[in-house]
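For reference, the structure discussed in these notes is given below.
Just so it is clear, none of the values below were taken in a lab; they were calculated from the coordinates. What you see is a predicted model, and the numbers here were worked out from it, not measured in a lab. Here the Cβ positions follow ideal geometry from the backbone for every residue, glycine too, while neighbour counts run over all protein chains shown.
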Amino acid sequence: MKFRTAVNIPKWPFTIDHSHTIVSLGSCFANNIAAYLSRRKFRVISSPTGILFNPASIANAVDMILDSRTIRSNELIECDGVYLHHDFHSSISGYSPESAIANMQSAIDRAYKALHDADYLILTLGTAWVYKLANSGHIVANCHKQPASMFRREMLRIDEIVASLERIISRTNARIILTLSPIRHISDGLEDNSLSKALLRVAIDDVCRRHSNVYYFPSYEILLDDLRDYRFYGDDLVHPSTSAIEYIAEKFLDAAISPATRQRMQLIESVMRGVEHRPNNPQSEAYKEFCRRMLRTIEEMEHIDFCEEKRHFERMLQINL
């Protein structure tokens, strides 16, 4: 007797390993997947200009980054002493125009190299709803809690979503993995959220059929049809729980990595658990040998960035001399 419907994802015709550079852009779920991969020491850069919910804003961000756009002071808005920009998340801001611009330019510079070098680009689409500045029609990435009268709320058409994705595809040589965020935008209302997700899914399918280097990963279907239970959501009943994120991320890796990379991940996880380990007696010979063993494991994986972990074990040995 079956009690759930598993989503079976066939192996992709490529593999991702620790030598590749991955850039993850889009909604909160893009950060969730990136954090999971980063913990396992994949080279991943997540949301350099902040969380982006709609495909038009993601495309605008890619253009801004690859064009090395210069941010000007007249583009900033001031809210309660904080200087913000409609194309950046509020986490990228400053308490003066100069510091805000410096932080934004730094984000663009870091993202330029990441996007230029990217082997894989993960795009997570959250909503087809957009907010446009009433005076210019510009689609903003963030309203920054400004008065609603400053914006027009509209839903992107399928052809507009496709056009945004095509703009991104035209500007990169990376393989692109598209996914639909399983996060529920219930502030839009359940009916509008369903319509929004449906439009995004149709557009994604259209683009995948056109391009041999664009693939779909079914995050949305895994949470809604495979897990399909409120216990896999957080307390807000909107965002997926930690266990759901890990389950979905494991499904991603099952489709994307080789057995050799999986084996390497097990060694990496042993090092990460070693850092978190709290010994009963840190001055014991057994713990010193444990630290030496962890350092030998790190040395065997010299192409993995273990700088912090190496410093941790070396410091523990120095303390215990």
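Tell me the chymotrypsin sites (Phe, Trp or Tyr not before Pro) within the stretch 282-321 that lie in a loop according to DSSP and have at most 10 other beta-carbon atoms within 10 Å.
Here no chymotrypsin sites (Phe, Trp or Tyr not before Pro) fit, given the DSSP loop and packing criteria.
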Given the -39500 (n - 2.57) contribution per DSSP H run of 4+ residues, what per-residue ellipticity at 222 nm results for the chain, rounded to the nearest 500 deg cm²/dmol? -14500 deg cm²/dmol
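Rounded, prolate or oblate: which fits the stretch 163-291 when a ≥ b ≥ c are the square roots of the eigenvalues of the alpha-carbon gyration tensor, with rounded for a/c under 1.5 and prolate only if a/b beats b/c? Intermediate values should be presented prior to the final figure.
Values: a/c = 3.22, a/b = 1.69, b/c = 1.90.
It is oblate, given that a/c is not under 1.5 and a/b is not larger than b/c.
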Scan around Ile177 for amide H atoms under 5 Å from its own, H built in the peptide plane at 1.01 Å from N, and keep only partners 5 or more places away or cross-chain. Leu121, Ile122, Leu123, Tyr215
Quick one: Karplus J couplings for the stretch 63-71, per residue in order, coefficients 6.51, -1.76, 1.60, θ = phi - 60°, nearest Hz, x for Gly and Pro? 4, 4, 5, 6, 8, 6, 4, 8, 7
Cα-projected label distance for Ser243 with Asn74, points at 7 Å along beta-carbon direction, nm: 5.6
Gap separating the Cα centres of the stretch 131-192 and the stretch 1-68, nearest whole Å: 17
Of the listed values (i) 1.09; (ii) 1.01; (iii) 1.03, grab the one calculated as Rg/Rh (Cα atoms, Kirkwood Rh) from the structure here. (ii)
Let's see if you can work this out: charge +1 on each Lys and Arg Cβ, -1 on each Asp and Glu Cβ, no other charges. What is the dipole magnitude of the stretch 1-138 about its Cα centre, in debye to the nearest 20? 840
Computed FRET value (nearest 0.05) for Thr15 with Cys307, which takes r as the C-beta separation and R₀ as 25 Å: 0.45
Below 8 Å, C-alpha to C-alpha, sequence gap of six or more: please give me the relative contact order for the stretch 268-319 in percent. 44
Residues whose placed amide H lies under 5 Å from that of Thr21, excluding near-sequence neighbours: Asp119, Tyr120
Quick check for me: using +1 on Lys/Arg Cβ and -1 on Asp/Glu Cβ, what's the dipole size of the chain about its Cα centre, in debye to the nearest 20? 540
